[in-house]
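Worksheet for the structure shown next.
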There are 2 protein chains.
Amino acid sequence: MQRTIDFFYDIGSPYSYLAATQVPRLAERTGAAVVWRPFLLGGVFKAAGNDMPARVPAKARWMLEDLSRWAKHYGVPFVFPPFFPPNTVRAMRACVAASRHGRVAEVSLALFRAYWCEGHDPSGEAAIRAAAEGAGLDGGALFAATDEPAVKDGLRAATEEAVARGAFGAPSFFVGDALFWGNDRIELLVESLAPATGA
Amino acid sequence: MQRTIDFFYDIGSPYSYLAATQVPRLAERTGAAVVWRPFLLGGVFKAAGNDMPARVPAKARWMLEDLSRWAKHYGVPFVFPPFFPPNTVRAMRACVAASRHGRVAEVSLALFRAYWCEGHDPSGEAAIRAAAEGAGLDGGALFAATDEPAVKDGLRAATEEAVARGAFGAPSFFVGDALFWGNDRIELLVESLAPATGA
């Protein structure tokens, strides 16, 4: 039976962006189905009593270096945006809406790139329309869907689910009850899914 | 010219313990000289305005799982101690005192194991004497040295140096100005020291 990895992320989280760029390879390496689960990191922080890592000035300075090192390690573009943190409520709702059309991975990756490579507001109408159209969806319709109660509820429910399962930050990977927190835990996640190599 | 990696750690930090178990291999893989730099994590947190990661309950729960995964990944023993966090002031002074005899790695590893594998108070006289004697030093003399002003000043100076260089947590690896924070950054540290593989 194919295993499932739930990948919870927020477009405003730089380590979520880095992790998202590795999702195709993660699926390939593990043979698992990776399910893209947009959530709202602000809601997770609030519920878990956590705070942005960049709250500590020395840590924020280090993170800039660290993020660049990971981007280089992965060979992906990364440009720290002109404004941070962004309000991602509408961006995350767009990802939820894209899920209903089977295009959540494409739309999410496009919004990640819009913000973390090009510095555009990921909740802006222009970015959401462009992400939708790049994924073969109707840009105006996807943007309009971000005001639908069912979409808003879907985002809230995903955030609550992640918190109930133990999330306190992003990205959060779940395999059943097991949480792997952070882009830097992808290797341990892969290891946990590798077939045991007994004698 | 041989490169130098400064390895700042506190015996009370579980990720410092995990990293410490990898130091011999780190030296081997990079060809660098790894210098064991005992510091006081409580002092670093205070100076940097940081806090224990286990302050967030969901994160503390996850950390227990994460630490066990790393221990399994490395193939090293790990048993969460009956009391946490420990007061490590005297343990860290013992490490500083051991530096003067060229035995800081041996004494530090012994104190890490006393606490993270056997649950003993790493600042207790018994643990410090045993660590010293296992490293071929006079146990009573090393314990007495933890009250010497020069040793206290040495620990304070190392802590201040780490903060001045940008540390905000443990373990902290420095290669010149470059900080690699965390056991989970050892791979990026190794990568940064690898010879460029140009065409």
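Computed quantities for the displayed model
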{"read-out": "Residue check for B:A110: over 12 Å from B:F8 (Cβ atoms), of a type in the set (A, V, I, L, M) and without any contact (Cβ under 8 Å) to a residue 60 or more places away in the chain", "value": "yes"}
{"read-out": "Helices (runs of 4 or more DSSP H) enclosed by the stretch B:40-139 - at least 2 residues per element that are among the hydrophobic types (A, V, I, L, M, F, W, C) and more than 30 Å from A:A162 (Cβ to Cβ)", "value": "B:41-48, B:89-99, B:104-116, B:125-134"}
{"read-out": "Verdict on A:F8 being touching a strand residue (DSSP E or B) at 6+ places or on another chain (Cβ under 6 Å) and within 14 Å of chain B (Cβ to nearest Cβ)", "value": "yes"}
{"read-out": "A:S16 small (G, A, S), at pLDDT 95 or above and within 27 Å of B:G169 (Cβ to Cβ)", "value": "yes"}
{"read-out": "Filter result for A:R29 (more than 14 Å from chain B (Cβ to nearest Cβ), outside any loop (DSSP other than H, G, I, E, B) and in contact (Cβ under 8 Å) with a residue 24 or more places away in the chain)", "value": "yes"}
{"read-out": "From B:A54, B:A47, B:A20, B:A58, residue being within 28 Å of B:P149 (Cα to Cα), among the aliphatic types (A, V, I, L, M) and more than 16 Å from the chain's Cα centre (by Cα)", "value": "B:A47"}
{"read-out": "Of the criteria (1) more than 9 Å from chain B (Cβ to nearest Cβ); (2) exposed (fewer than 15 other Cβ atoms within 10 Å of the Cβ); (3) under 22 Å from B:W181 (Cα atoms), which one A:V76 fails", "value": "(2)"}
{"read-out": "Candidate set from the stretch B:79-113 (those that are farther than 22 Å from B:V34 by Cα and aliphatic (A, V, I, L, M)); member that is surrounded by the fewest Cβ atoms within 10 Å (Cβ to Cβ)", "value": "B:V79"}
{"read-out": "Residues satisfying the stated conditions in the stretch B:1-26, i.e. part of a helix (DSSP H, G or I) and small (G, A, S)", "value": "B:S16, B:A19, B:A20"}
{"read-out": "Test: residue in the stretch B:42-61 that is closer than 17 Å to B:E106 by Cα and either touching a residue at least 24 places away in the same chain (Cβ under 8 Å) or surrounded by 20 or more Cβ atoms within 10 Å (Cβ to Cβ) (or both)", "value": "no"}
{"read-out": "Search result, residues across the stretch A:164-195 that are more than 8 Å from every other protein chain (Cβ to nearest Cβ), under 16 Å from A:G43 (Cα atoms) and buried (at least 19 other Cβ atoms within 10 Å of the Cβ)", "value": "A:A170, A:P171, A:S172"}
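The values are calculated or read from the model by the stated rules, or taken from the named source; none is laboratory data. Quick caveat: nothing in here was measured; it's all calculated off a predicted structure. In this analysis, Cβ positions are derived from the backbone assuming ideal geometry, glycine residues included, and neighbour counts consider all displayed protein chains.
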